[in-house]
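The values are calculated or read from the model by the stated rules, or taken from the named source; none is laboratory data. No experiment lies behind these values; they were computed from the predicted model shown. Note that we place each Cβ from the backbone using ideal geometry, even for glycine, and neighbour counts take in every protein chain shown.
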Amino acid sequence: MSRRPEPVQVVKERRDAALAALAGSIPYAGFLGIRFERMGDELTALLPYDEKLIGNPVLPALHGGVTAAFLEVTAIVGLAWTHLWEEIESGRIDARHLGAENLPALPRTIDFTVDYLRSGLPRDAYARATITRSGRRYASVRVEAWQDNRARPHAQAVGHFLMPAREGRKAP
């Protein structure tokens with residue numbers, strides 16, 4: 001007799017809890033207030049506006065370091081989520097028991113280059129990462145951040161990451 005599939009809402013809640021644990025494992029992301037919204041396996045990062053994020057109060061404009069951190073966190077979580085999603089969907093990881101204490105290790109930044117295209121305005125910002133290459137040891141990710149119009153990004157970045165060792169494989 002085959003097992004009945006779980007209700008969609010249960011699966012959705014488990015995936016959302018796994019994403020919350022993953023994003024919550026980065027303390028600086030919590031300090032900045034970065035959240036992630038999931039539509040299937042696609043993530044959009046949200047940096048809600050807060051007065052503490054302003055770097056130049058005369059303009060006012062988002063601090064460049066905040067923008068860079070937002071892009072880098074988006075890249076890391078996007079990359080880690082892609083691998084975590086594969087593990088959850090294949091059944092190798094049980095998302096019901098996934099918490100900050102037993103999450104897989106996060107990718108480590110090798111280099112990260114940010115292009116500031118225009119000033120970040122004092123409002124919410126969004127970002128989405130695109131993985132251009134992901135291997136066993138190395139990954140390359142492109143990220144775009146926008147505010148009111150996705151077609152007009154205010155910053156973009158490219159990063160290279162060292163992937164953590166997976167179960168059953170030696171660390172580099």
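A compact table of results
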item	result
Qualifying position, being closer than 19 Å to GLY159 by Cβ, surrounded by 15 or more Cβ atoms within 10 Å (Cβ to Cβ), at pLDDT 80 or above and among the small types (Gly, Ala, Ser), among ALA21, ALA75	ALA75
Residues of the range 106-127 classified as among the polar types (S, T, N, Q) and in a loop (DSSP other than H, G, I, E, B), total	1
Among (1) crowded, with 16+ Cβ neighbours inside 10 Å; (2) free of Cβ contacts under 8 Å to residues at least 60 places away in the same chain - the single one ASP50 does not satisfy	(1)
Which numbered condition ALA151 fails, given (1) surrounded by fewer than 15 Cβ atoms within 10 Å (Cβ to Cβ); (2) under 26 Å from ALA20 (Cα atoms)	(2)
Selection within the range 136-162 - outside any strand (DSSP E or B) and in contact (Cβ under 8 Å) with a residue 60 or more places away in the chain	HIS154
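Conditions (1) surrounded by 12 or more Cβ atoms within 10 Å (Cβ to Cβ); (2) modelled with pLDDT under 95, marked per residue:
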{"position": "ALA95", "(1), (2)": "yes, yes"}
{"position": "GLU101", "(1), (2)": "no, yes"}
{"position": "ASP111", "(1), (2)": "no, no"}
{"position": "TYR116", "(1), (2)": "yes, no"}
{"position": "ALA125", "(1), (2)": "yes, no"}
{"position": "ALA129", "(1), (2)": "yes, no"}
